[in-house]
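What follows is a single structure, written as structure tokens, with notes after it.
Nothing in this text is a laboratory measurement; each read-out follows from the coordinates by a stated rule. Please read all numbers here as calculations on a predicted model, not as lab measurements. Here the Cβ is made from the backbone with ideal geometry for all residues, glycine too, and neighbour counts use every protein chain on show.
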Number of protein chains: 2
Amino acid sequence: MKRNILIIGAGGVAQVVAHKCAQNNDLLGDIHIASRTKAKCERIIESIRGKGSLKVEGVLEAHALDAMDTAAVAALIRQTGAQIVINVGSAFVNMYVLDACLETGAAYMDTAIHEDPAKICETPPWYANYEWKRRDACTEKGVTAILGVGFDPGVVNAYAKLAIDDYVKEPESIDIVDINAGSHGRWFSTNFDPEINFREFTGTVYSWQQGAWQSNKMFEVGKEWDLPVVGTQKAYLTGHDEVHSLSANYPQADVRFWMGFGDHYINVFTVLNNLGLLSEKPVKTAEGLEVVPLKVVKAVLPDPSSLAPDYEGKTCIGTLVKGKTDGKDAEVFIFNVADHKDAYNEVGSQGISYTAGVPPVAAAMLIADGTWDVGTMKNVEELDPKPFLSILNRIGLPTEIKDANGIRPFEG
Amino acid sequence: MKRNILIIGAGGVAQVVAHKCAQNNDLLGDIHIASRTKAKCERIIESIRGKGSLKVEGVLEAHALDAMDTAAVAALIRQTGAQIVINVGSAFVNMYVLDACLETGAAYMDTAIHEDPAKICETPPWYANYEWKRRDACTEKGVTAILGVGFDPGVVNAYAKLAIDDYVKEPESIDIVDINAGSHGRWFSTNFDPEINFREFTGTVYSWQQGAWQSNKMFEVGKEWDLPVVGTQKAYLTGHDEVHSLSANYPQADVRFWMGFGDHYINVFTVLNNLGLLSEKPVKTAEGLEVVPLKVVKAVLPDPSSLAPDYEGKTCIGTLVKGKTDGKDAEVFIFNVADHKDAYNEVGSQGISYTAGVPPVAAAMLIADGTWDVGTMKNVEELDPKPFLSILNRIGLPTEIKDANGIRPFEG
């Protein structure tokens, strides 16, 4: 049983996390938001007050914090009395925040693997390069740490576990498919921080197939998927966090991640990438100014948080598991469909931020009530998926199941 | 009769100018090359010595010069005894160099209209915004100034004059077509300074039609041309210097400029332009660094001067004049075909620099022997084209003529 939340980060996902925490503050307690720029935290608090999202009267406070300073994070945890830390800051801060949780005993959550800004898409195993090195420390100190508990990674890992528990006992393949069929109405924009978005695609694409890591280039392997609601969509083999943990937990299955891209996105990405404009290595202009091209691209692109008001359409993200049950072929696709407009109306964010920000709040509720307060480090597929998906059904991300018997809601 | 050349600029075109001057230094006299970076001038001199290009023993000297400092330019003209200045520096320096020629009496030449770095593709009339304001001063002081004497503008203006003198007495349209059917083998590169290259295409496209300026967007109006040697090529209505002077001299004719572009160039340009990466207005990165996006694009693109060794294929640039002669329909296409490899073998430059750099040397030879030493300011179509084209026949850019009687060389 734990209470009081410290949210680290103040971007689009943090906005969703904060709203959802507010809607459930009877269970979660005080809500603190910390970021390098305190004003961004204050804007989120204004938005919560504007929408009257607090379920019961309670603490809602903004803090300035350098999340790469473990001692400062630990001090803020102690000062606020937060027992649950939801880290939705940049992926560069994970290890510093995790260490502060180990120091203070607070539960830790994040939504993406730690990244070293100097290394992009490192050779697998990525989790083992960083977070998993603290697993024994978490166990020794009884610290709950839930890694990668956004939508993907996160909910899709729970979908994999549910599929294998109830539908496909002997999995042979786990394919995660992420389609954003929405439209932001701009000529081009990334859906979240361009620096992070493009970095996902400039390195080698790793997938786990036939018991070994396979390497491909981005946009090398494409496949059309026929999906509920969003219809036929082309998605491409992409490296992604959950491939690493799922392949460690289900090494006998092929584990692949597929992300949907339109031809326009691919064209813009290809031009920028081939010209060297997505590089994070500085270049020197003719005038002698040293500048990182990717940071200039980020500066000219729309601020992803500005997209929300005009965003329309739906996302479909799910996990397809194929294999055998009792020697017979079995297959299930477990998924969620989210709507950009609904997300904006509820919490002032677009659907991509919404799907990433709601799940850690569900996890926080399970830590608060003790269900997931496991006192060690876990990836999501190592936890019981049913209480998690049941809460998500209630708080905005309902699960659906498609198999030979058709499509039906997950009943919890 | 004038002697001794001061070349301003040390880029790809200046390299060609210097080589061609060296090959004709019996007539032209001493050769001086001046640029902000003296080492670049010295590299050109090494290249001339390496190829043994000097026709007779003679002076060949490098100088450091800020060409935007009129007094410094005038001092260098006096110090070197140069009577002919070939300005092939950036288009930003024209007016400063022209004023130095007015001060010293040296003949002036350039290959592009003056540009104010803060204003791109100004509303026409461009020449009248800058150079033509000095026309009376040139006449008063007897200073010869030949404007826009590269290939286009330059040779194509002479083609127009020749066409109207000898083939189409009453011109109704003058279309200049510039096709580079060569290949540099890189994924993408501009053929000359990206800052200048892209600036030509980011503004409004002006053409002179039906006695008035017409505005279009870049790549809005395309047309397939069937041309000698290079075959069928798509070219797009583009704003260009010669449209302004030709429309002033032949206001009764439509005057258009067409530049050939492949789909790949257009795609890369469109992506960069739509994202705002071709802007010369500074943006601020998340880290607070002020940077001009176009300068970063320039920094990541190949240095155009590095393309020459691998450049293959041909250019075809010419002037199509249609109209009437003695009441009957008449039409002629006067053109040159140049070869990238031949240019590299002769002067170490690619064909685009070659076609731009040879014509001002032919003009210098005509000033040196008195033929074009007119003691006032002229655009090329205001001068006798035949001696000019005859020299070009001899020094590397032969002219051909296509009309109802077929294709034949211009005999001089």
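B:Ser353: in contact with a Gly (Cβ under 9 Å, 6 or more places away or on another chain) and under 25 Å from B:Ile113 (Cα atoms), yes or no?
Considered against the rule, which asks whether it is in contact with a Gly (Cβ under 9 Å, 6 or more places away or on another chain) and under 25 Å from B:Ile113 (Cα atoms), B:Ser353 comes out as yes.
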Counting just the residues of region B:200-214 that are touching a helix residue (DSSP H, G or I) at 6+ places or on another chain (Cβ under 8 Å) and closer than 19 Å to B:Gly262 by Cα, which one comes out surrounded by the fewest Cβ atoms within 10 Å (Cβ to Cβ)? B:Thr202
Does B:Asp310 meet the test of being farther than 18 Å from B:Val16 by Cα, more than 10 Å from chain A (Cβ to nearest Cβ) and either in contact (Cβ under 8 Å) with a residue 12 or more places away in the chain or over 22 Å from the mean Cα position of the chain (by Cα) (or both)? no
Output for region B:340-393, where each listed residue is over 24 Å from B:Leu102 (Cβ atoms) and under 13 Å from the mean Cα position of the chain (by Cα): B:Gly351, B:Ile352, B:Ser353, B:Tyr354, B:Thr355, B:Ala356, B:Gly357, B:Val358
Return the total of residues in region B:251-278 being touching a residue at least 40 places away in the same chain (Cβ under 8 Å) and within 14 Å of chain A (Cβ to nearest Cβ). 9
Filter result for B:Ala82 (crowded, with 24+ Cβ neighbours inside 10 Å, more than 18 Å from the chain's Cα centre (by Cα) and farther than 19 Å from B:Ser349 by Cα): yes
Search result, residues across region B:394-412 that are touching a Leu at 6+ places or on another chain (Cβ under 6 Å) and of a type in the set (Val, Ile, Thr): B:Thr399
Taking the conditions exactly as written (in contact (Cβ under 8 Å) with a residue 24 or more places away in the chain, among the acidic types (Asp, Glu) and out of contact with any helix residue (DSSP H, G or I) (no Cβ under 6 Å at 6 or more places or on another chain)), does A:Asp226 satisfy them or not? no
Taking region A:229-258 and the residues there that are touching a helix residue (DSSP H, G or I) at 6+ places or on another chain (Cβ under 9 Å) and part of a loop (DSSP other than H, G, I, E, B), the one that is nearest to A:Glu381 (Cα to Cα) would be A:Tyr250
Out of A:Lys298, A:Lys284, which single residue is within 7 Å of another protein chain (Cβ to nearest Cβ) and closer than 26 Å to A:Gly182 by Cα? A:Lys298
Hey, A:Tyr236 among the aromatic types (Phe, Trp, Tyr), crowded, with 16+ Cβ neighbours inside 10 Å and over 30 Å from B:Asn273 (Cβ atoms) or not: no
Filter region A:16-56 for residues that are basic (Lys, Arg) and under 30 Å from B:Glu287 (Cβ atoms); the one that is surrounded by the most Cβ atoms within 10 Å (Cβ to Cβ) is A:Lys40
Is there a residue being surrounded by 18 or more Cβ atoms within 10 Å (Cβ to Cβ), under 30 Å from B:Ala299 (Cα atoms) and acidic (Asp, Glu) anywhere in region B:215-222? no
Write out, first by first residue and then by second, each pair whose Cβ atoms fall under 9 Å of each other, whose residues are 6+ apart or on separate chains, and whose first residue, in region B:61-72, is under 9 Å from B:Tyr96 (Cβ atoms) and in contact (Cβ under 8 Å) with a residue 40 or more places away in the chain while the second is assigned to a strand (DSSP E or B) and of a type in the set (Val, Ile, Thr). B:Ala67/B:Ile8
The helices (runs of 4 or more DSSP H) lying wholly within region A:3-106 that contain at least 1 residues that are closer than 23 Å to A:Ile352 by Cβ are A:12-23, A:38-51, A:94-104
Need a quick list: strands (runs of 3 or more DSSP E) entirely within region A:138-209 having at least 2 residues that are among the aliphatic types (A, V, I, L, M) and either touching a Ser or Thr at 6+ places or on another chain (Cβ under 8 Å) or without any contact (Cβ under 8 Å) to a residue 40 or more places away in the chain (or both). A:145-147, A:170-180
Scan region A:106-121 for residues that are in contact (Cβ under 8 Å) with a residue 24 or more places away in the chain, over 19 Å from A:Val149 (Cα atoms) and not aliphatic (A, V, I, L, M) and jot them down. A:Asp116, A:Pro117, A:Cys121
